[in-house]
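Data block below; observations after.
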Amino acid sequence: MTSNSAPARPPVTHKIDVIVQRDRQIGWMLTIPALLLLIAVFAYPIGLAVWQSFITKNLGTELQPQFSGIQNYIRMAQDGRFWQSLWNSVVFTTLSIIIEFLLGLGIALVLNQAFRGRNIVRTIAILPWALPTALIALAWTWIFNDQFGVVNDLLLRLRIIDSGINWLGNPTLAMVAVIIADVWKTTPFISILLLAGLQSIPDDLYEAHRIDGANAWQSFWQITLPLLLPQVVIALVFRFAQAFGIFDLIAVMTGGGPGGATEMVSLYIYSTVMRYLDFGYGSALVVVTFLLLVLAVAIAAYLLSRVRGSAQATDAR
Amino acid sequence: MTRTDPTPTIAPSETQQAMLELRHLNKTFSPSVVPVKDLSLSVKRGEFLTLLGPSGCGKSTVLRMIAGLEQPTKGQVLIQGEDVTHKPPGDRNISMVFQSYALYPHMTVADNIASALKLRKIPEEEVRQRLREVSHFLGLEALMERKPSKLSGGQRQRVAVARALVRRPSVFLLDEPLSNLDALLRENVRAELKQLFESQQAPVVYVTHDQTEAMTLSTKVAVLNDGNLQQLDAPHQIYAEPANQFVAGFVGSPQMNFLTLPCEAGAARLGDRSFPLPPPLSHARQVILGIRPEHVRRAQPGDTYTFEGKIFLVENLGMHYLVSVHIQATQQTTYTLRLLLPSDATWEGDSLQIALPPETIHWFDAETGSAVRQ
Amino acid sequence: MTTQPLDRTPSPSKPSISWKQWALPLSVGLIVVFCLAPALWQLLTSFKTNEAIAAIPTVYFPSEFTLEHYQELFERRPFFNYMLNSFVVATLSTVLALGLGSPAAYALARLRLQGESILVGAILVVTLFPPILLFLGLLNVVQALNLGNNYLSLILPYAAINLPLTILVMRSFFQQLPRDLEDSAKVDGYSTVGLLLNIVLPLTLPALATTGILAFITAWNEFIFALTFITAEPMKTIPVAASQLGGASIFEVPFGPIAAATVLGTLPLVLLVLFFQRQIIRGLTSGAVKG
Ligand SMILES: Nc1ncnc2c1ncn2[C@@H]1O[C@H](COP(=O)(O)OP(=O)(O)OP(=O)(O)O)[C@@H](O)[C@H]1O
Ligand SMILES: [Mg+2]
């Protein structure tokens with residue numbers, strides 16, 4: 001193609017796209033400060049823990065680092081307290097997020113209905129999520145108090161029990177109490193995410209489904225749940241990570257007691273480091289916890305990508 | 001690709017320097033996304049050039065390269081003879097109207113219009129003077145202190161135009177500025193824009209996929225498709241002498257009829273009639289006959305190329321009927337043809353004698369699609 | 001949701017109508033009780049006299065209210081200081097998170113960085129790190145830089161733990177900004193910095209408020225770093241100070257002051273939630289879902 005105004009010279013080629021390059025330069029300048037802080041606060045501690053997990057540095061070595069290979073990991077494999085705390089974390093995490101999910105889904109479904117004062121109720125429903133966990137833990141400690149606690153009082157009045165229960169003093173009941181407190185605190189998070197998901201499902205899908213002859217129950221299983229699946233997985237992944245690392249709630253309510261019955265991995269790490277000043281072993285605990293978390297999240301991410309893929313396929317249809 | 005010569009109305013005067021010149025522009029986003037392949041053209045003072053083409057053909061990309069928002073992979077952009085290929089948009093003295101208008105939501109209309117002037121450190125007195133002029137010119141006086149969110153679509157469009165005008169740029173760039181207006185308003189604003197830019201010296205590059213806009217506004221139309229310039233001509237030339245089948249089909253509504261006809265001995269056969277072909281096509285096996293629906297007539301005594309059409313669809317367009325007919329050419333082949341009849345036309349039954357006036361027929365090479373002159 | 005959802009009950013003849021009539025209000029009521037009761041109980045306790053607190057059976061409707069627990073917190077303990085400390089730390093770390101996070105978010109949304117998706121993925125993963133995995137390494141840094149009992153030892157980590165969410169929320173916001181606006185500003189002649197400050201920033205204020213509120217809440221609530229890095233009594237933040245309220249002996253747990261401290265420490269956040277409910281929900285959902 002020719003044009004009367006274009007000379008017959010070959011076109012000028014520009015090796016580098018100056019605009020893109022300038023954008024990138026500025027982009028890195030804007031990004032690097034944040035990245036540095038992220039590296040300092042996230043990457044460095046994990047890296048340090050990996051390194052320290054191969055040394056012994058405790059009161060026995062007068063806090064001087066001594067290389068000890070995989071000694072710390074061997075010790076961990078034989079450490080009953082570690083396994084107990086891991087088991088506690090698993091029990092706490094599993095029960096918490098199952099209950100939270102069911103409750104959160106129920107709340108989201110209710111809040112998705114039209115009723116007067118819906119906005120106020122929504123505000124109330126996110127309140128627990130916003131409050132400081134440590135202070136909430138104080139509130140629940142008081143509620144579960146063996147002498148003056150309101151839970152015992154209500155149970156007595158309803159004649160379900162005939163003498164006050166020492167909730168936080170009994171291994172099983174202490175676990176129940178911290179799970180209840182955690183469920184109260186974090187169910188709102190799940191309901192917010194699920195509610196957003198519910199609101200993004202168009203009404204005409206339900207109408208079409210109803211015209212096809214489905215009832216509300218079938219619509220829930222065939223439309224609501226499948227389309228909500230991405231939000232469900234995201235909420236569960238977030239909650240899993242938070243619950244597995246729970247510290248403040250337990251530290252304030254039971255301190256890990258009674259007799260280690262509610263000692264989670266996080267509390268064990270904290271006392272290993274801060275009480276026994278065993279930095280090497282504490283680091284090894286950090287590393288193992290980190291790897292467990294990464295493993296679980298990787299599985300969840302894999303599930304999520306499959307869920308997203310199938311959700312898109314549903315959209316395409 | 002062939003193209004016709006420039007028509008006398010836009011004959012380039014040797015002394016007049018091109019205000020904007022594109023030399024071999026190419027934009028390659030990725031090996032498979034090359035919206036602009038090799039585009040060269042120039043625009044002179046007072047010209048109104050429209051880039052016309054289907055969605056996704058690279059019109060906006062061309063405009064963004066002229067503006068400096070995107071760097072060409074190859075080629076150069078010259079404004080008033082100066083190579084600005086590597087200059088940032090702010091230093092090119094161009095102004096651009098976006099499809100979404102892109103008014104700054106947090107600024108008043110006045111600040112929106114004046115922002116570029118203030119950035120260029122133009123004295124305050126002059127800024128005020130220019131604001132007064134442009135707001136008077138476009139009837140925006142009453143709106144100057146409002147925020148864009150408090151304006152109607154038409155008013156926003158005006159503000160966007162005012163923001164471009166106030167700059168007194170070397171080139172105006174407009175990217176589908178009418179596509180967000182409703183049909184009625186669009187017609188009014190189109191007429192306004194025409195008058196407005198006729199009064200401006202600086203050339204306009206206008207992007208649209210609407211052929212009516214292209215035909216009514218421009219002094220020159222560049223039809224783009226598939227990253228290539230298909231034709232660059234005055235609007236009436238584009239309509240009357242399309243350079244190829246793409247242009248012929250894209251410009252004109254209802255669309256031109258295309259009949260692929262067999263040829264023998266330098267003539268194309270349609271039923272029992274044969275059309276003599278222009279010499280370049282004398283050895284072709286097949287040829288495409290193009291005729292616009294408005295050029296197909298009812299047969300009158302003395303017409304040579306008459307056919308019997310079987311009506312299978314009549315659409316009332318108000319001023320016209322758009323009638324679709326089948327022509328039985330041979331036992332096996334039927335052709336479909338659409339023609340426009342005046343709204344007072346009457347006919348009986350479902351058969352119609354039609355004529356194809358030879359002077360209105362366009363011939364296209366069946367292989368390349370390019371037009372071959374009679 | 002712009003329109004009221006249609007009533008999805010199939011037909012008025014079905015008995016499900018009456019079922020629905022009481023089921024919805026009942027579940028709404030249960031939700032309200034569930035969410036408010038524990039907090040309200042603590043509020044009530046904080047105004048009860050010590051006798052009412054220790055009364056068996058429990059007093060639900062006390063005949064007299066007192067401010068003595070609040071007085072104790074402010075007069076016998078530096079509770080005003082604790083609140084101020086929390087406020088300063090939370091505010092500064094929020095400002096820092098926004099100041100570092102939003103430019104990065106803009107770059108990741110618009111400036112075509114190499115490896116952008118990897119960076120965003122890494123940032124998303126980092127939101128899942130619980131602080132317990134970080135405190136040991138950070139303790140090391142704090143000791144090395146001698147930052148113990150220095151608010152920087154809280155401000156910087158708090159800013160960092162808020163950065164991922166800030167970046168993700170702001171990035172999704174920037175991606176929704178019409179690109180034409182920035183292009184138009186470039187044609188007008190704004191420099192990149194001018195464009196960010198004069199065009200992008202003013203449009204960003206609502207999103208900044210959203211993210212800022214979330215960051216403030218997180219920082220105000222943080223416990224483990226505050227517990228570990230700040231040991232000087234007058235420098236403590238509310239969650240730690242409240243959790244360490246003790247009586248003269250183990251048998252004398254000061255339930256009243258603890259309840260009052262809970263109320264004081266939660267009050268600012270309750271106000272935030274009341275006023276910014278929409279922003280909080282928007283931020284949480286866009287941060288978690290869009291990434
Ligand atoms: N930044 C980019 N990166 C990759 N591809 C792009 C980019 N910008 C545009 N394209 C592609 O280039 C092609 C041309 O886009 P362009 O916007 O120029 O089309 P257009 O002619 O203006 O279409 P429309 O009429 O729809 O506005 C499209 O296929 C588009 O997907
Ligand atoms: Mg376009």
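Just so you know, all these numbers are worked out from the coordinates, no wet-lab data involved. Please read these numbers as outputs of a predicted model, since none were measured by experiment. Cβ coordinates were reconstructed from backbone atoms using ideal geometry, including for glycine residues, and neighbour counts include every protein chain displayed.
Here are some notes:
- Reported to the nearest whole Å, the Cα centre-to-centre distance from region C:25-43 to region C:154-182 is 34.
- Virtual spin-label span in nm between B:Lys147 and B:Glu82, 7 Å along Cα→Cβ: 3.8 nm
- Taking 0.36 nm per residue of separation and subtracting the Cα-Cα distance, full extension of the segment from B:Thr346 to B:Ala240 would add 35.3 nm.
- Think of the protein assembly as shown as having a plus end and a minus end, set by charges on the Cβ of Lys, Arg, Asp and Glu; of C:Val200, C:Phe174, A:Ala284, A:Ala284 sits farthest toward the positive end of this dipole.
- R0 of 41 Å, Cβ-Cβ distance C:Glu75-A:Leu36: FRET efficiency to nearest 0.05: 0.40
- Rounded, prolate or oblate (a/c below 1.5 giving rounded, otherwise prolate when a/b exceeds b/c) for region A:190-237 by Cα gyration tensor: prolate
- Dividing the C-alpha radius of gyration of region B:42-85 by 2.2 N^0.38 Å, with N its residue count, gives 1.23.
- Using every pair of distinct Cα positions in region C:112-172, the Kirkwood expression returns a hydrodynamic radius of 13.1 angstrom.
- Amide H to amide H, with H built 1.01 Å from N, B:Asp83 comes under 5 Å of no residue 5 or more places away or on another chain.
- Between B:Gln255, B:Gly153, B:His209, the Cα set farthest toward the positive side of the dipole of chain B (charges on each charged residue's Cβ, about the Cα centre) is that of B:Gly153.
- Overall form of chain B per C-alpha gyration tensor (a/c, 1.5; a/b vs b/c): prolate
- Legend: P(r) of chain C from all alpha carbon pair distances, 10 Å bins from 0, whole percents, reading 6, 20, 24, 22, 16, 9, 2, 0.
- Amide H contacts of B:Leu224: B:Leu52, B:Gly53, B:Gln230, each under 5 Å away and 5 or more positions distant or on a separate chain (H built 1.01 Å from N in the peptide plane; Pro and chain starts excluded).
- Taking the centroid of alpha carbons for each part, region A:53-67 and region A:258-276 are 20 Å apart.
- Shielding by partners - mean other protein chain Cβ count within 10 Å, residues of A:241-248: 5
- GNM on chain B, alpha-carbon springs under 10 angstrom: the most fluctuating residue among B:Pro72, B:Pro235, B:Pro276 is B:Pro276.
- With the convex hull of its Cα atoms as the shape, region C:76-130 has an orientation-averaged projected area of 5.0 nm².
- Förster radius 41 Å - calculated FRET efficiency between C:Val88 and A:Ala298, Cβ distance, rounded to 0.05: 0.60
- Unit charges on C-beta of K, R, D, E only; dipole of chain B, Debye: 1180 debye
- Rounded to 0.05, the FRET efficiency of the C:Ala144 and B:Arg45 pair, given R0 = 56 Å and the Cβ-Cβ distance, is 0.20.
- Given +1 at the Cβ of Lys and Arg, -1 at the Cβ of Asp and Glu and no other charges, the dipole of region C:74-287 around its Cα centre is 160 debye to the nearest 20.
- Each residue in B:Glu348, B:Glu192, C:Glu222 was given a count of other beta-carbon atoms within 10 angstrom of its own, and listing them fewest first yields B:Glu348, B:Glu192, C:Glu222.
- Exposure proxy ranking for B:Glu125, B:Glu176, B:Glu198, based on other Cβ atoms within 10 angstrom of each Cβ and starting from the fewest, stands as B:Glu125, B:Glu198, B:Glu176.
- Taken along its three principal axes, the alpha carbon spread of the protein assembly as shown comes to 120, 72, 64 Å, from the longest extent down to the shortest.
- Remark: the Cα gyration tensor places chain A in the oblate category, a/c being 1.5 or greater and a/b not exceeding b/c.
- Pairwise Cα inverse-distance average, inverted: Kirkwood Rh of region C:23-66 (Å): 11.8 Å
- Order of B:Arg64, B:Arg120 - criterion: other Cβ atoms within 10 Å of each residue's Cβ, fewest first: B:Arg120, B:Arg64
- Label zone at C:Asn50 (point 7 Å along Cα-to-Cβ), backbone N below 17 Å, region A:126-162: A:148
- Alpha-carbon centroid distance for the pair region B:184-231 / region A:140-217, whole angstrom: 65 Å
- Loop-located trypsin sites (Lys or Arg not before Pro) in region B:248-320 (DSSP state other than H, G, I, E, B) with a sparse environment of at most 16 neighbouring Cβ atoms within 10 Å: B:Arg285.
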